[in-house]
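The values are calculated or read from the model by the stated rules, or taken from the named source; none is laboratory data. These figures come from a predicted structure and were not determined experimentally. Note that each Cβ is placed from the backbone with ideal geometry, even for glycine, and that neighbours are counted across all protein chains shown. Remember, those area values only see protein heavy atoms, side chains included, never the ligands or the DNA or RNA. Shrake-Rupley method; radii C 1.70, N 1.55, O 1.52, S 1.80 Å.
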2 protein chains.
Amino acid sequence: MGQPGLRERKKQKTRLALVDAALDLFAEQGYEATTVDQIAAAVDVSPRTFFRYFATKEDVALSLPHHGQEVMIAELAARPAEEPPFTALTQAMRALVTMLKEGDLTDSARFLKARELIENTPALLGGSVRRMMENEQRLVAEIARREGADRDDLLAHFVVALSMAVARVGFEFCHAEGEQAIDSLTNRLEATLALAERSLRPGWDRPADPA
Amino acid sequence: MGQPGLRERKKQKTRLALVDAALDLFAEQGYEATTVDQIAAAVDVSPRTFFRYFATKEDVALSLPHHGQEVMIAELAARPAEEPPFTALTQAMRALVTMLKEGDLTDSARFLKARELIENTPALLGGSVRRMMENEQRLVAEIARREGADRDDLLAHFVVALSMAVARVGFEFCHAEGEQAIDSLTNRLEATLALAERSLRPGWDRPADPA
DNA sequence: TAATTTATGACAGACACTGACAAGTGACAA
DNA sequence: TTGTCACTTGTCAGTGTCTGTCATAAATTA
């Protein structure tokens, strides 16, 4: 339970170094303009090794937000079963920003840096949303399970798709630096959640009562 | 105002031939497994020429749905100004399927073929969604203009994001052949729209009355 | 028919990504 | 400590996407 071993530590170090170098280079010269050769050179590693850590150049840019989504899925699974679907999903979103707030400041800075980059790079935005949609399938499955519904239940699809829409708008980049950036993100997310709450009928995320 | 000229006609013909050949090959061997060399060879054209018609291999697969989105944007601009935003957006969606229903049967068949392909190919799904998001910016701008709001108005973003969520669920591929496919698509879209209507509070897509 | 656009093909090259093999490095037991 | 084993890395060769460039052929216009 102590150290993960030298080999493992080295790997984590290289991985993080690659992410940092990539994010820096992307910010400097843009995503498309930087080659993986450059990233590898910055970390003093062969290009081949880069692809042993990340399947694609896109992956290194999306790695942090992708981790965020994993957190959200785990969080959803931990929500109490009686909680309505939409509530459970929004609570999972909140858990993500809470984690950012409580975690290391450099970690959250990296996360926000990646988010800004993604938003300003069409190619990355596409990849990012594609991953969201892959996760969407998992979320739908989880919601359907919780509600005892079918995997292709229209309501489950709708609830999740709507939640993802909220997440997309709520996590859009806010121009602010340092700690304020996270507060700014929190504010925007809460404002969006409030807007959603105000727009939706109570109980909309559960099957209509045929009374 | 008569013929568009021989040169232009030839170009349209080549373009359509490329789309058809590509869609066929993709369906046969999968998207990634087919090379642009193969597509070019099938139309008896140099690979370089392929890239004069389509910027990327992805583009040839996305070309039809992309055209559909252009139609939707044009349709939105034509909606009456007093119509609430969400209504205008959903009407624009309906206009798209109406166009498919009334148009040439081979055209709609091609469209549905492309949609099925995209849904079953993660890489294409990513590209497809990226384009949707680019269009989303245009839709937000149009909605904001109609409502006399700011381009970064939260409500405008929310309305459009939510509409796109509905569109995504509503346009998901339905397994049916020939004319039934379009009816099946219509049914699913209408069911999703009804679900949305049922879930949202009346007047949600306009600023709250501070009464 | 001659002059001017415009589409195309042929070629070379950059870059993302992959498979295969050899060499270096940490893990672990004798 | 040493030797073996597993794992990580670098090198090299190759495929496929996509781009710039230039010469040729075809269509348009005069």
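Observations
- Here the helices (runs of 4 or more DSSP H) wholly within region A:75-174 that include at least 2 residues being over 26 Å from A:Ala33 (Cβ atoms) and open to solvent by 60 Å² or more (accessible area, probe 1.4 Å) are A:85-102, A:105-119, A:122-147.
- Residue within region B:65-88 that is among the charged types (D, E, K, R) and farther than 30 Å from A:Arg198 by Cα present: yes
- Qualifying residues in region B:33-72 (those that are acidic (Asp, Glu) and within 14 Å of chain A (Cβ to nearest Cβ)) - the one nearest to DNA strand D (Cβ to nearest atom): B:Glu58
- Test: residue in region A:152-161 that is closer than 20 Å to B:Val140 by Cβ and within 11 Å of chain B (Cβ to nearest Cβ): yes
- Members of region B:42-55 that are open to solvent by less than 60 Å² (accessible area, probe 1.4 Å) and within 16 Å of B:Tyr31 (Cβ to Cβ): B:Phe50, B:Phe54
- Scan of region A:175-198 for residues that are open to solvent by 50 Å² or more (accessible area, probe 1.4 Å) and either within 9 Å of chain B (Cβ to nearest Cβ) or in contact with a Cys (Cβ under 6 Å, 6 or more places away or on another chain) (or both), ordered by number: A:Arg188, A:Arg198
- Selection from region A:12-33 of residues that are open to solvent by 80 Å² or more (accessible area, probe 1.4 Å) and touching a residue at least 40 places away in the same chain (Cβ under 8 Å): A:Glu32
- Just one of (1) at pLDDT 90 or above; (2) within 15 Å of the chain's Cα centre (by Cα) fails for B:Asp150. It is (2).
- When B:Val71, B:Val36 are checked against the criterion of being within 16 Å of DNA strand C (Cβ to nearest atom), surrounded by 12 or more Cβ atoms within 10 Å (Cβ to Cβ) and among the hydrophobic types (A, V, I, L, M, F, W, C), a single residue qualifies: B:Val36.
- Per-region count, region B:111-141, residues more than 14 Å from chain A (Cβ to nearest Cβ) and touching a helix residue (DSSP H, G or I) at 6+ places or on another chain (Cβ under 6 Å): 5
- Any pair with Cβ under 7 angstrom, 6 or more apart, that starts in region A:163-182 at a residue that is among the charged types (D, E, K, R) and ends at one that is buried (at least 20 other Cβ atoms within 10 Å of the Cβ): A:Arg168/B:Ala161
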